[in-house]
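Worksheet for the structure shown next.
Throughout, read-outs are computed from the coordinates displayed, never taken from laboratory work. All values reported here derive from a predicted model rather than from experimental measurement. So basically every Cβ, Gly included, is an ideal-geometry build from the backbone, and we count neighbours across all protein chains shown.
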Amino acid sequence: MKRIIALLLALLLALGCVMAGAEETETPEMTPFTVVCETELDEEAAADLLPSILPKLLQGIMPNMDSATIAVAQKFLPVISNLKEAVAFDGTTLQLDIMLKDVSLATLTAKLSETGAELLCSLIPSYKLTVQAETMNKLMESMNVQGQQGVQLSIDPEALSTEMQAIVEKYQDALNAVITPGQPEMGGFEYADVKFNVMTPADVDEKALFSVIAGILKDMMSNPAFSSALSSLDQTNGNGLDMSELEAKLAELENIPEEEFPEITVYVYKVVDEAGQAADKPMLISLDVDTKDAESNIFTVNMFEAEDAMILDMYGEIIEGQFFGLTLGMETAESMVLYADLYYLNPEKPLLGETITVTPNPEVTVAFDDEGKTVVAVEDLMQGTDNQLKAELMNDFTTNGVMTLLNSAMTAMPEEVGTIMSLFMGGAAAPAVEEGEAAPAGNE
């Protein structure tokens, strides 16, 4: 129950931040919007990886994880792959809807009122929570204070920026000499459905590059502005920042034989018109890093920018024979779409992908149906003295909220959710549960 209240308060604080942002602008009302978060999971590949990865990830929590536990975790993969979260804001009311295959599992709704805010949650469907503005302010202040505790940094961003600019200018000529552009090549090159007609390669003097980087880092460590910032970090992290150890590592870097440095090649792709003028966008910068460990062990980094899109992707064999890739992207044509794809072993299909779509939508409306609901003040819950109220909320949660959630999940994915429920119920077939019935023993 505490987690449900915490989720509601988190949604409430999010609404408070949204409305606070609106108040700071000239227009008092924000444009209504929707947000959709979707997950893509390669279930077969993830199931194969779980036996080797899960025990390591949960070693501190479950040091003796057995095969039965891993088998249960594998059953959750289809559910995870079909989860979707949707947020809607209509100018005054914010709602989070957690869905499985487009079937709603649970909703959290928050609306600002004259005295504070009101909250609804489908997991406690018989109640409406209210919270005073003073309580909201205290919660936000508390979060701000907690976020600052232990991070008392004596950092002057303006001073650091000025000093950094001076250090980089000192090494500017050396940096320019690191890269030697080659002859532009005409041809048809394509990336992210964009066609480029000119590619300019450039060779990198790897040892010179690392020497410049080492010099910049040394100057930063000896600079009073940076040393003060590093000292403050040392005080907050408690790990002890050993400057002599860092200097020794830099010395090792400078003394690495030239033949052991990775080979770096840069390729710049542009679109050039008939007059020979290159457009600023779109542009693609590609870096190939050959670690020399194996003939095929090349790691590639691409940085792409267009008028309405940006992509950063990196891929290759970090360990020989094991492909790894990561793609981060943003599109802003109509909606703002943010996405991240993680690849492992299979370069053709992401192991895990996440997409977030933010769309302005003046027509969106969010219902706030509080008819017939019992009103409970969050302040009373925070005092923690009314055990009867806690018991009533918990009863509503277990007999109505959880059962509705489980029935919705069974509707969305009956076979998969039924298998999971039977595993938790000792292998028995998962019964259909009607709203209002008590939860089976041991499942509260």
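In segment 370-423, of all residues being out of contact with any strand residue (DSSP E or B) (no Cβ under 7 Å at 6 or more places or on another chain) and in a loop (DSSP other than H, G, I, E, B), the one that is farthest from residue 104 (Cα to Cα) corresponds to 385.
Please verify whether segment 84-101 includes one or more residues that are surrounded by fewer than 16 Cβ atoms within 10 Å (Cβ to Cβ) and in a strand (DSSP E or B). Looking for residues that are surrounded by fewer than 16 Cβ atoms within 10 Å (Cβ to Cβ) and in a strand (DSSP E or B), one finds at least one in segment 84-101, hence yes. Could we say that residue 116 is surrounded by 14 or more Cβ atoms within 10 Å (Cβ to Cβ), small (Gly, Ala, Ser) and free of Cβ contacts under 8 Å to residues at least 24 places away in the same chain here? Judged against the criteria, residue 116 is a match.
Tallying residues that are touching a residue at least 60 places away in the same chain (Cβ under 8 Å), within 24 Å of residue 323 (Cα to Cα) and of a type outside the set (A, V, I, L, M, F, W, C) within segment 27-77 yields 3. Count of segment 44-65 residues, restricted to those that are more than 21 Å from the chain's Cα centre (by Cα), surrounded by fewer than 16 Cβ atoms within 10 Å (Cβ to Cβ) and of a type in the set (A, V, I, L, M), is 3.
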